[in-house]
Amino acid sequence: MADLETPRFPETISIGSSFGPAYSTRVARNLGGKTARNRNWTYPLHEGEVSHGVKSQAQLNELLAFFHRVAGMYDAWRFKNWNDYVCSGSDGILVVITTDTTWQMYHRHVSGGASGDHIVQKPISGTVAVAGGGSYSVDYTTGIVTRNSGANPTGWTGEFDFRCIFATDKMLPSWADFGIYDWGPVPIREDRL
């Protein structure tokens, strides 16, 4: 299995897709009707569906070529989630991996006094700025920040992609009529490193 940095999933198709966070929660109900919940994952895994982003024969050809290139579920690739691709201000947080050396990039979502984070493993080169007053390097294939010199980093801003795979090994497009394309669900899901 390869992790493809290029090509990125076609933006002209991703802009018409649905994609968002999914959590795993186990709910147990007793005979009296009371429930207990267990949150199975600390961070969400994102999933979506891209077939409705196809609007033309050219896009159909592009998606089919991309599907062949990544061999269905086999290779992971970059995907731009148009609903969540920018970290600004205090949204970009860093979590220590190795004290005073390396940090993992995260995107924080705040609602009232609570927050939820998701890991960022595919920042976009040329868009990332690391705050803190030191010298830092960013691994754009993992989202890991390394301090080269100076103070520890305090946060980051920039754009990011999600590392995804197709959640199917089958593409079943159909041609309904001139200029009308029908394609069953084309599910995708986040695939963490």
Next on the checklist: For the range 1-40, which positions are closer than 25 Å to W82 by Cβ and among the hydroxyl-bearing types (S, T, Y)?
Outcome noted: T6, T12, S14, S17, S18, Y23, S24
Checklist outcome for this item: Per the filter on the range 56-65, residues touching a residue at least 12 places away in the same chain (Cβ under 8 Å) and surrounded by fewer than 14 Cβ atoms within 10 Å (Cβ to Cβ) are S56, Q57
Item to check | Tally of residues being in contact (Cβ under 8 Å) with a residue 60 or more places away in the chain, open to solvent by less than 40 Å² (accessible area, probe 1.4 Å) and in a loop (DSSP other than H, G, I, E, B) across the range 18-45 | outcome: 1
Checklist outcome for this item: When (1) at pLDDT 95 or above; (2) over 21 Å from G92 (Cα atoms) are applied to L172, the one that fails is (1)
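Is it the case that D117 is closer than 27 Å to S56 by Cβ, of a type outside the set (S, T, N, Q), at pLDDT 90 or above and in contact with a strand residue (DSSP E or B) (Cβ under 7 Å, 6 or more places away or on another chain)? Reasoning before the result, please.
Details: closer than 27 Å to S56 by Cβ: no; of a type outside the set (S, T, N, Q): yes; at pLDDT 90 or above: yes; in contact with a strand residue (DSSP E or B) (Cβ under 7 Å, 6 or more places away or on another chain): yes.
It is false that D117 is closer than 27 Å to S56 by Cβ, of a type outside the set (S, T, N, Q), at pLDDT 90 or above and in contact with a strand residue (DSSP E or B) (Cβ under 7 Å, 6 or more places away or on another chain).
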Checklist outcome for this item: How many residues of the range 93-134 are farther than 22 Å from D191 by Cβ, touching a residue at least 12 places away in the same chain (Cβ under 8 Å) and either in contact with a His (Cβ under 6 Å, 6 or more places away or on another chain) or of a type in the set (G, A, S) (or both)? The answer is 5
Next on the checklist: Test of understanding: among H68, H109, H52, which residue is open to solvent by 60 Å² or more (accessible area, probe 1.4 Å), on the phi < 0 side of the Ramachandran plot, touching a strand residue (DSSP E or B) at 6+ places or on another chain (Cβ under 6 Å) and modelled with pLDDT under 95?
Outcome noted: H109
Item to check | Answer residue from the range 112-123, given it is among the aliphatic types (A, V, I, L, M) and open to solvent by less than 30 Å² (accessible area, probe 1.4 Å) and is farthest from V145 (Cα to Cα) among those | outcome: I119
Checklist entry - Hey, does the range 183-191 have a residue that's among the aliphatic types (A, V, I, L, M), crowded, with 16+ Cβ neighbours inside 10 Å and within 23 Å of F9 (Cβ to Cβ)? => result yes
Next on the checklist: I need the full set of residues from the range 135-148 which are without any contact (Cβ under 8 Å) to a residue 24 or more places away in the chain and surrounded by fewer than 17 Cβ atoms within 10 Å (Cβ to Cβ), in order please.
Outcome noted: S135, S137, D139, N148
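The values are calculated or read from the model by the stated rules, or taken from the named source; none is laboratory data. For clarity, every value in this text was computed on a predicted model and none was experimentally measured. We place every Cβ from the backbone using ideal geometry, glycine too, and count neighbours over all the protein chains shown. Surface accessibility is based on the protein's heavy atoms, side chains included, excluding ligands, DNA and RNA. Shrake-Rupley method; radii C 1.70, N 1.55, O 1.52, S 1.80 Å.
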